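The next block holds one structure in the form of structure tokens; read it before the comments.
The values are calculated or read from the model by the stated rules, or taken from the named source; none is laboratory data. Keep in mind the model is a prediction, meaning the values are calculated, not measured. Every residue, glycine as well, gets a Cβ built from its backbone with ideal geometry; the counts of neighbours run over all protein chains shown. The protein model used for the area step is the full one, side chains on, heavy atoms only, and it has no ligands, DNA or RNA in it. Shrake-Rupley method; radii C 1.70, N 1.55, O 1.52, S 1.80 Å.
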Amino acid sequence: MSPRISPIAPRLHWDVLSSSDLERIHQATLDTLENVGIRFPSARALDILAANGCAVDRSSEVARLPRAIVMEAVARVPEQYVLAGRDPACDMLIDRAHCYLSNDGSGVFVYDHHSGEKRPSTRADAATSARFVDALPAVSYYWGPVVTSQDVPPASRALHDSEAVLANTSKHYQAVTTVGERPARLLVEMAAAIVGGTDELRRRPIISFMQCAVDPLGHDGPNLEANLVAAEHGLASGFMPMPLMAGTGPATLAGNLVVQNAEALSGVVLLELAFPGCPAFFSGAPSCMDLKTGGYTAGPEDYLLAAGATQLAHFYGVPMAMGTMATSAKEPDWQAAVDDSLSTFASVLTCADMMNGCGLLNGSKMLSYPHMIMETEIYGIVAKVAGGVVVDDDSLALDLIAKVGAGGTYLAEKHTRRHMKEIWRPTVWDRSPYDAWLAGGKAGALEKATEIADDILANYRSEPLPDEVAAELSRIVARADAELAAP
């Protein structure tokens, strides 16, 4: 039986920042937090910061965070915690030693891989995407939604999306579009209905929250309110800065990392001041602005920034959720493969705890199911490389080498049978002889990925919610429509 999830525990490691580099960026971050400050446009957040010794300017909504307070607060983040699945086989231990992949999130289009056309995403697509992710062991948790429902009231969209997701995957759900205190409380109510109450949700947190920061050096009020609700209920949460070099961050890698680090750190500090010891994490998707188009690059700077930001999170002993596999390619092509491969290497070899995520094209706007399948192939390759070379008596195989000798073969040996499953085998890559490839119509990875995607879409069914729980979720969403989306 295949495992429900397959995290990577890398043996190899890549440092893009030396210990002195880390210390300099750390000190620059503390200087920024203490002397420049971060904007917190939330009366509740400002009250928490002021009550804990931060200098708060109510008119500008900027708080300056003293170094000692920052370091005392970030030290309260638990060393490890579990992000639970509805299915316990999908539980994720967040311990800075494992890398878990999710899908990408917040797309607004779906790519029809048969017609080649794109269309706006719907609530049905949110449900289908959750079912699709549930089928893939390489994708350990659901982040998002992958695509948002364009056919429901915008004010209650996040709750419609969450109902669709929670009903169609038993993996952990990390919500990224649920903003504001009331929507967050309704989502907590939905999750509690599934597990049997808020106390049980604290014990088995099947949801977590992630919110975006507002670059440079700011947060969004409703995002702050939502994560404070999460922390109140013992649910993990974090803030995702996305500073663009030369745009919302300095045009240098180190300067961009200071902005990224200050925003991520300030959010965690707020959560720990409000609810000491709550599970929290850094997040990030730092990049570089294309100064010709104004677009998001997904280029070499991204890989260095991702690695550096992850090192910084672990410098503070805090888990990292790093944007991974995002590509500006418009279809599952050579460009997408390069972007996805190198970004995954950067995240895995610095041991990003959570990696968001696969499935979207065109700068995280358009969902493609064959693309997601091809990205799981990349994930498998990186997992094999990150395992490095094991050197012990069995792997050296000296007795076997002596037995086979010169000119022999290892094919039928017990040692080969014992280790043969360790050799990576492709799922969608083509390794057939050239003539066989021609005879097969020149089919390659995309064609195979399309076959697998179509099979999952047609045949895979996830574990359903009990009828009474599904009905309760529908009642909560109806309340959300009435409270949030009423004219």
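May I ask you to list the residues in segment 39-53 that are in contact (Cβ under 8 Å) with a residue 40 or more places away in the chain and closer than 16 Å to Val74 by Cα?
Ile48, Leu49, Asn52
Which ones in segment 331-358 are assigned to a loop (DSSP other than H, G, I, E, B) and either touching a residue at least 24 places away in the same chain (Cβ under 8 Å) or open to solvent by less than 20 Å² (accessible area, probe 1.4 Å) (or both)?
If the condition is that a residue be assigned to a loop (DSSP other than H, G, I, E, B) and either touching a residue at least 24 places away in the same chain (Cβ under 8 Å) or open to solvent by less than 20 Å² (accessible area, probe 1.4 Å) (or both), then Glu331, Pro332, Thr350, Cys351, Ala352, Asp353 are the ones that fit.
Do you know which of the residues in segment 268-293 that are assigned to a loop (DSSP other than H, G, I, E, B) and touching a residue at least 12 places away in the same chain (Cβ under 8 Å) is farthest from Gln80 (Cα to Cα)?
Leu291
Might you let me know whether segment 9-29 holds any residue that is in contact with a strand residue (DSSP E or B) (Cβ under 9 Å, 6 or more places away or on another chain) and open to solvent by less than 70 Å² (accessible area, probe 1.4 Å)?
Looking through segment 9-29, at least one residue is in contact with a strand residue (DSSP E or B) (Cβ under 9 Å, 6 or more places away or on another chain) and open to solvent by less than 70 Å² (accessible area, probe 1.4 Å).
Residues that are surrounded by 11 or more Cβ atoms within 10 Å (Cβ to Cβ), under 29 Å from the mean Cα position of the chain (by Cα) and at pLDDT 95 or above: find the helices (runs of 4 or more DSSP H) completely inside segment 413-474 holding 2 or more of those.
Once the helices (runs of 4 or more DSSP H) in segment 413-474 are filtered for at least 2 residues that are surrounded by 11 or more Cβ atoms within 10 Å (Cβ to Cβ), under 29 Å from the mean Cα position of the chain (by Cα) and at pLDDT 95 or above, what remains is 445-459.
Is segment 84-92 home to any residue that is more than 13 Å from Phe281 (Cβ to Cβ) and assigned to a strand (DSSP E or B)?
no
Kindly indicate whether any position in segment 315-325 is on the phi > 0 side of the Ramachandran plot and open to solvent by less than 10 Å² (accessible area, probe 1.4 Å).
Looking for residues that are on the phi > 0 side of the Ramachandran plot and open to solvent by less than 10 Å² (accessible area, probe 1.4 Å), one finds at least one in segment 315-325, hence yes.
Listed here are the residues, each with its yes/no results for (1) over 22 Å from Ala264 (Cα atoms); (2) in a loop (DSSP other than H, G, I, E, B); (3) modelled with pLDDT under 95; (4) open to solvent by 30 Å² or more (accessible area, probe 1.4 Å).
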residue: Met71; (1), (2), (3), (4): no, no, no, yes
residue: Arg76; (1), (2), (3), (4): no, yes, no, yes
residue: Ala97; (1), (2), (3), (4): no, yes, no, yes
residue: Ser115; (1), (2), (3), (4): yes, yes, yes, yes
residue: Asp125; (1), (2), (3), (4): yes, no, no, no
residue: Phe132; (1), (2), (3), (4): yes, no, no, no
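Hey, could you check segment 42-53 for residues that are touching a helix residue (DSSP H, G or I) at 6+ places or on another chain (Cβ under 6 Å) and assigned to a helix (DSSP H, G or I) and say which is surrounded by the most Cβ atoms within 10 Å (Cβ to Cβ)?
Only one residue fits best here, namely Ala45.
Scanning segment 286-316 for residues that are small (Gly, Ala, Ser) and in contact with a Phe, Trp or Tyr (Cβ under 9 Å, 6 or more places away or on another chain), which turns out nearest to Pro205 (Cα to Cα)?
Only one residue fits best here, namely Ala313.
Taking the residues in segment 274-296 that are more than 21 Å from Glu263 (Cα to Cα) and of a type outside the set (A, V, I, L, M) as candidates, determine which candidate is surrounded by the most Cβ atoms within 10 Å (Cβ to Cβ).
Asp290
Let me confirm something: among Val110, Val56, which residue is under 30 Å from Glu225 (Cα atoms) and not in a helix (DSSP H, G or I)?
Answer to the selection: Val56.
Pro153 passes all but one of (1) without any contact (Cβ under 8 Å) to a residue 60 or more places away in the chain; (2) open to solvent by 10 Å² or more (accessible area, probe 1.4 Å); which number fails?
Checking Pro153 against (1) without any contact (Cβ under 8 Å) to a residue 60 or more places away in the chain; (2) open to solvent by 10 Å² or more (accessible area, probe 1.4 Å), the one that fails is (1).
Pairs under 7 Å by beta carbon, first residue more than 12 Å from Glu189 (Cα to Cα) in segment 459-487, partner surrounded by 12 or more Cβ atoms within 10 Å (Cβ to Cβ) and of a type in the set (D, E, K, R), six or more apart or different chains?
Partner pairs satisfying both residue conditions: Tyr460/Arg131; Ser462/Arg131; Ser462/Asp134; Glu463/Asp87; Glu483/Arg182; Leu484/Arg182.
Mind checking whether some residue in segment 396-407 is open to solvent by 40 Å² or more (accessible area, probe 1.4 Å) and touching a residue at least 24 places away in the same chain (Cβ under 8 Å)?
Scanning segment 396-407 turns up no residue that is open to solvent by 40 Å² or more (accessible area, probe 1.4 Å) and touching a residue at least 24 places away in the same chain (Cβ under 8 Å).
Just a yes or no: is a residue in segment 127-136 under 15 Å from the mean Cα position of the chain (by Cα), farther than 17 Å from Ala478 by Cα and among the aromatic types (Phe, Trp, Tyr)?
No, segment 127-136 has no match at all.
Condition first: open to solvent by 10 Å² or more (accessible area, probe 1.4 Å), free of Cβ contacts under 8 Å to residues at least 12 places away in the same chain and of a type outside the set (Phe, Trp, Tyr). Can you find one or more residues in segment 359-374 that meet it?
no
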